[in-house]
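**Student:** Got a structure here, written out as structure tokens. Questions coming.
The values are calculated or read from the model by the stated rules, or taken from the named source; none is laboratory data. Because the structure is a prediction, the values reported are computed rather than measured. Glycine gets a Cβ as well: all are built from the backbone with ideal geometry, and neighbour counts include every protein chain shown. Protein only, heavy atoms only, side chains kept; ligands, DNA and RNA dropped before computing areas. Shrake-Rupley method; radii C 1.70, N 1.55, O 1.52, S 1.80 Å.
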2 protein chains.
Amino acid sequence: MRAVLLAAGEGKRLRHYFKRPKPLIHLLGLPLIERNILTLRECGIKDFIIITGCYDSALRDCLGTGEKMGINIKYLYNPDWKLGNGLSAHTFHKEFKRDEKFILMMADHIIGSDVIKDFVAEAGNIKQNEILLAADRRLEGVYDLPECTKIKAENNYALELGKGLQEFNAVDCGLFIGTGALLDALSGSIAEGRYALTDAVNRLAGLNRVKLHFIDGPWVDVDDLASYKHAEKMLLQSLIPPKDGLVSKFINRKFSLVITKFLAQTGATPNQITFFSFLIAVASAICFATANPLCGGLLAQFSSIVDGVDGEMARLKFLKSNYGGIFDSILDRYADFLIIIGMTYAWYAATGNTTALLVGSAALTGMPMSMLFKEKFQAVTGKPFLPGYDGISRYLLANRDGRLFIIMLGGIFNLLPFTLILLAAVTHLQTLIRLYNARKLA
Amino acid sequence: MRAVLLAAGEGKRLRHYFKRPKPLIHLLGLPLIERNILTLRECGIKDFIIITGCYDSALRDCLGTGEKMGINIKYLYNPDWKLGNGLSAHTFHKEFKRDEKFILMMADHIIGSDVIKDFVAEAGNIKQNEILLAADRRLEGVYDLPECTKIKAENNYALELGKGLQEFNAVDCGLFIGTGALLDALSGSIAEGRYALTDAVNRLAGLNRVKLHFIDGPWVDVDDLASYKHAEKMLLQSLIPPKDGLVSKFINRKFSLVITKFLAQTGATPNQITFFSFLIAVASAICFATANPLCGGLLAQFSSIVDGVDGEMARLKFLKSNYGGIFDSILDRYADFLIIIGMTYAWYAATGNTTALLVGSAALTGMPMSMLFKEKFQAVTGKPFLPGYDGISRYLLANRDGRLFIIMLGGIFNLLPFTLILLAAVTHLQTLIRLYNARKLA
């Protein structure tokens, strides 16, 4: 399936703040239109048609042939872009292939990638004389409702659309699966001198041919500074993975998202951030070994926070890689080992007590067990080991976020022996509990 | 698809040695027919028809309704089993459903499970007026060629079959996909007073309706003591997984297969064997810690050998489980940790040298890295990390079989410090090499 992106308009309201064409405004490190292209690429879309108007050459200069992104881009120029976005959408008729279904998306709408994936998957369920429109019926949650195009819907079909509609139960998210029927409707309404996309969609709605797909994720039409800020917030929130541990969820993400928001503007790569997190852990280990537990503890927790940033950045800027996942896992293990060795050394050097060595060994061997168990579980069962499987034992804080949090507290309160005993206890106890529970789960 | 197993004959030649009906003779812990049922179950077959004759009640008593194996068994009795196996096969016509395709297998043929899987997958490629026959054209490798039914084949079709055929280029493995055409041909040849299955197959071959599937794995018709021994050997060899490390492949398997052959006769479960292997490792750790390196080293290697037995036994007796895989992995890690701690303690207790602690920590942290890397690689790429990916670095012997072999040598020659340094070096070096190579592989 091909995707058609409407990027012909002027976008006056944001022009004042950003001094560049609206589709090229950077949102967390990526131009709006590039973010949409990369999201669609994740859905398997390789061929893009960009309809230009006001900023034709700027768009061509910025995005080129798409080769760098591993996709193909064709540009269609609509000289009469000022008349309305229906005329721009209609420009696609030059490229349209008989019986083709295509995605039609506004370049400046930001929509969660899961929402787009679900929507694209529905393309097969419409007839050639219908179109599919993404709609949101969670009206109380819609951002800037007065500005939205409203829909009067009945049984998954739109009856009427319009910005000024008095009676409505959903709004239009600006994302379509188009067919020849849409282009015909556009021809018809243009012939009547009505140039908005909504005019053509309304014609089809009158024939009961606008099927609706109700979305259940976030989206926003980036139109002014307030909606831009909202989109930023929405995207950052979407970076939190569902399998987060307790400390990660309630503490670390508050900080890591701030760092990610800052670093998104730079060229920092996820692997560089992974390595930086490792270096902080090395510094933490050195602090512990040199009898600086306060620094050691704080650095351990800082490393843990930065350890969340690499993944956030990878998702935010479409830089996820298999290698990144492996690199992160292996460096995390070494980071853990070094911190425990630093703490054990500090205890032993201060007291000469050989118990330190025994406890240190126990903590050292406990550190990799959580990951080992989870990866093995996934390898044999084919499904990820979810935090919920741990039940009440997730309060042991034996996952990495929890362990580094315990280490921070141990450093702050200068309680290294107790901390090492606790780490050894929770890690091995959690392994035993998981091994016991796995008899039913695996 | 349903499977029909022919188990009506007397099997005189083995009667003398085993004192029980031939289909119920135990081969490595399982009756011949049960092994075939369980192999077919792995191919997704749930419904079985067993054609009985000579040993009707013994078979019913042994296998029951199949509920224990999670399958359904129906029995069809052929009172005239003495006349020939074609008559037994024809008994299935009472149960046959129009247009059904079914697997027809001799209860006493042992065929590699991959061979059966590939064969069953071909069922869709024959027409309703054809049958599919598994054939072997690797004539020099066929066991007891004179006893086999020969096939004259041309372009994947059989022209003629017969035990005494002078001109032939393949042999019949006794495994069919049957259709209504087979039952019709059986009716025809029985009406002419010819009661062997081969008579009916020959009729179809004359009409060019016996399609051949040439197998590329092991099989044997268990007919006498020599072929029974051959089947035993063949099955044991098939238990060696392709991803074996060097020490495992060239040393450990020689011993583990002998243990498996012995334990197959008992009720020992794979998880019990896993736990036994762990206990041997604990004993090894204690020996090292109490300055008994020779015992420690030998026990470590023995534990490594037994660590291969659980998997062999699981595959041999169809006892593979997700939990078994997890249990084995976690216990292996604890076994490794304890042995390293035992060795480090021995070195430190004897010398008081703190270098021992540093080297011990390095070896301790290196032990889980191989598994961690491999599991993570599989989790992110979706494909297993194969031994070939290590290239020349597999000679570092940093996988578990190699590490325990190094430990054995270290124990025998009483070179604990050197062994620990070596273990630390090879495990971390291998991790670094893998991390470097993964940039391309992942």
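**Student:** What number, in percent, do you get for the relative contact order of the range B:2-231 if the mean sequence gap of Cα pairs under 8 Å and at least 6 apart is divided by its residue count?
**Tutor:** Over the range B:2-231, the number comes to 24 percent.
**Student:** Further, regarding this structure: Would you kindly state how much longer the chain becomes between B:Lys249 and B:Ile421 on full extension, computed as 0.36 nm times their sequence separation minus their alpha carbon distance, in nm to one decimal?
**Tutor:** That works out to 59.4 nm of additional length.
**Student:** Also, quick follow-up: Using only Cα atoms, find the angle between the long axis of helix B:225-237 and the longest principal axis of chain B, and express it within 0 to 90 degrees, rounded to the nearest 10.
**Tutor:** Computed tilt is about 40 degrees.
**Student:** Considering the Cα trace of the range A:240-439, what is its radius of gyration and what is Dmax, both in angstroms?
**Tutor:** Cα only, the range A:240-439: 16.6, 51 Å (Rg, Dmax).
**Student:** Okay, next question. So what's the back-of-envelope 222 nm ellipticity for chain B, counting only DSSP H runs of four-plus at -39500 (n - 2.57) apiece and dividing by all residues, rounded to 500?
**Tutor:** -16500 deg cm²/dmol
**Student:** Rounding to the nearest 10 and keeping the result within 0 to 90°, find how far the Cα-based axis of helix A:293-316 lies from the longest principal axis of chain A.
**Tutor:** 20
**Student:** Something else: If a cysteine in chain B has no other Cys Cβ under 4.7 Å from its own Cβ, put it on the list, ordered by number.
**Tutor:** Cys with no partner Cβ under 4.7 Å: B:Cys43, B:Cys54, B:Cys62, B:Cys148, B:Cys173.
**Student:** Go through A:156-164, B:322-330 and give me the packing order, highest mean Cβ count within 10 Å leading.
**Tutor:** B:322-330, A:156-164
**Student:** Taking only C-alpha pairs under 8 Å that are 6+ residues apart, what is the relative contact order of the range B:240-439 in percent?
**Tutor:** 28
**Student:** Where in the range A:40-56 is the amide nitrogen less than 16 Å from a point lying 7 Å along the Cα-to-Cβ axis of A:Asn72?
**Tutor:** From the range A:40-56, the list is A:41, A:44-50.
**Student:** Provide a whole-number value for the mean count of partner chain Cβ atoms within 10 Å of the Cβ atoms in peptide B:317-324.
**Tutor:** Per residue, the average neighbour count from other chains is 3.
**Student:** Give the residues of the range A:42-61 whose amide nitrogen is closer than 12 Å to a point set 7 Å from the Cα of A:Met1 in the direction of its Cβ.
**Tutor:** Under cut-off, by backbone N: A:43-46.
**Student:** Let me ask something additional. For B:Tyr77, enumerate residues with amide H under 5 Å from its amide H, sequence gap 5+ or separate chain, H modeled in the peptide plane.
**Tutor:** Distant-sequence amide H within range of B:Tyr77: B:Thr52.
**Student:** Going by Cα centres, the range A:332-402 and the range A:266-325 are how many Å apart?
**Tutor:** 17
**Student:** How much length is gained on full extension from B:Leu358 to B:Val258, taking 0.36 nm per residue of separation minus their Cα-Cα distance?
**Tutor:** Taking 0.36 nm per residue and subtracting the Cα distance, the gain is 32.0 nm.
**Student:** Can you send over the solvent-accessible area of B:Phe418, 1.4 Å probe, protein chains only, in Å² to the nearest 10?
**Tutor:** About 120 Å², ignoring ligands and nucleic acids.
**Student:** A follow-up question, please. Mean separation of Cα pairs under 8 Å and 6+ residues apart, divided by the residue count of chain A: what relative contact order is that in percent?
**Tutor:** Over chain A, the number comes to 13 percent.
**Student:** Working from Cα positions, state the angle (0 to 90°, nearest 10) between the long axis of helix A:253-263 and the longest principal axis of chain A.
**Tutor:** On a 0 to 90 degree scale, this one is about 60.
**Student:** While we're looking at this one, here's another question. Could you name the lysines in cross-link range of B:Lys376, using Cα to Cα under 20 Å and dropping any fewer than eight places away on the same chain?
**Tutor:** In chain and number order, the partners are A:Lys243, A:Lys320, A:Lys374, A:Lys376, A:Lys383, B:Lys243, B:Lys440.
**Student:** Check B:Leu212: other-chain or 5+ apart residues with amide H under 5 Å from its amide H, H built from backbone geometry?
**Tutor:** Those qualifying (amide H under 5 Å, at least 5 residues apart or on another chain) are B:Leu133, B:Tyr157, B:Ala158.
**Student:** Please give the residues of the range B:335-367, grouped as numeric ranges, whose backbone N is less than 15 Å from a label point set 7 Å along the Cα-to-Cβ vector of B:Asn414.
**Tutor:** Counting backbone N atoms under 15 Å from the label point, the list is B:346-347, B:350-351.
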